[in-house]
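Structure record follows, encoded as structure tokens.
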Amino acid sequence: MLEIPDHLTPTQQAVLYVAQYPCQHCLLPKLRTADQLSAFLSWRLAQHCIALCWQARLWGLDDFIFAEMKKKTISRDFYDWVHLKVSYFEALWVLCQLLAPRIAGELRELGREDATAKITALFLFKAAVMENANRPIEKSFGYVEMSGRATDKAFKTAAKAIREVLAGGQVSKEVARFTKKQGRGEKSGADRGAVCLNFLTSVAFLNFKSKAVKAQFEIFMLATANLCEKEATMARKGGSYGWNNGVKLTGSKSSVYCPAHSES
């Protein structure tokens, strides 16, 4: 992993963190199959595209992947997803900057001066990015089935719930019923393992008396809803897939999973 130059601004450092995950140091030594390596490289490439587009926004440069989309080297869905992901990370980065001093202050009041110095916006952002980018690869080590239809529904439901809350309305019965199912552990494509993000969300809720925190959290949640809707579309188009101890599985029309290709 590349060292982040100290002379860069915090925002520039945040951009570089996006480009460095999934974590080469944490994951590469554990990969055992060509399928896993391919998935790892694909995600690293996607993260690089996100970082480059974010950097282009910061510097007012041309959109470098627009030409690739026009040449059909990448799909329109991927192009839109990259830019929605940039907006998501931009909103998350600002939220981390607002929450870091509040978390540090709470730790200081608890007498945890040793931990206070570590809680910076970059520390929180890096943890969230690493968790987000590593999870798709970590799934490959066990057995998991990802239904394109269930994933589509899960992301659409999440986006709908966010929009209903932001609009000041109550969550519809449909959304509440689906959420309750997930709470009982029923299968869906949604991943509930975002520990760091859940922590940041909880801290944001506790600091809603701050108008700045509340406003930025709403911006972040809107970016999340937009991203969920795009990922729902991509899941539906991409169909079902899964992992069996490093071997990529694909789902047939009858939902029977089989290796995407032979490892022999």
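The values are calculated or read from the model by the stated rules, or taken from the named source; none is laboratory data. All values derive from a computational prediction rather than experimental measurement. Cβ placement follows ideal geometry from the backbone for every residue including glycine, while neighbour counts extend to all protein chains displayed. With ligands, DNA and RNA removed, areas are computed over all heavy atoms of the protein, side chains included. Shrake-Rupley method; radii C 1.70, N 1.55, O 1.52, S 1.80 Å.
Being open to solvent by 40 Å² or more (accessible area, probe 1.4 Å), part of a loop (DSSP other than H, G, I, E, B) and not acidic (Asp, Glu): is that true of Leu61 here? Write out each step before concluding.
On the way: open to solvent by 40 Å² or more (accessible area, probe 1.4 Å): yes; part of a loop (DSSP other than H, G, I, E, B): yes; not acidic (Asp, Glu): yes.
So Leu61 passes the test.
In this structure, is Tyr17 surrounded by 17 or more Cβ atoms within 10 Å (Cβ to Cβ), part of a loop (DSSP other than H, G, I, E, B) and modelled with pLDDT under 95? So Tyr17 fails the test. Screening the stretch 143-165 for residues that are under 10 Å from Ser240 (Cα atoms) and among the charged types (D, E, K, R) and picking the one that is least open to solvent (accessible area, probe 1.4 Å) gives Glu145. Looking across Leu99, Leu8, Leu41, Leu27, one residue alone is assigned to a helix (DSSP H, G or I) and open to solvent by 20 Å² or more (accessible area, probe 1.4 Å). It is Leu41.
Scan the stretch 204-242 residue by residue and report those that are in contact (Cβ under 8 Å) with a residue 60 or more places away in the chain, under 14 Å from Val94 (Cβ atoms) and of a type in the set (A, V, I, L, M). Across the stretch 204-242, the qualifying residues are Ala204, Ala212, Val213, Ile219, Leu222, Ala223. Taken as a whole, the structure places Trp54 among residues that are open to solvent by less than 30 Å² (accessible area, probe 1.4 Å) and of a type in the set (Phe, Trp, Tyr).
The single residue among Arg135, Arg102 that is closer than 21 Å to Phe205 by Cβ and among the basic types (Lys, Arg) turns out to be Arg102.
Taking Arg44, is it under 30 Å from Val203 (Cβ atoms) and either modelled with pLDDT of 90 or more or touching a Leu at 6+ places or on another chain (Cβ under 9 Å) (or both)? The answer is yes for Arg44.
With respect to (1) under 23 Å from Lys248 (Cβ atoms); (2) at pLDDT below 95, the lone exception for Met69 is condition (1). Residues in the stretch 140-152 that are in contact (Cβ under 8 Å) with a residue 60 or more places away in the chain and in contact with a helix residue (DSSP H, G or I) (Cβ under 9 Å, 6 or more places away or on another chain): Ser140, Phe141, Met146, Ser147, Gly148, Arg149, Thr151, Asp152.
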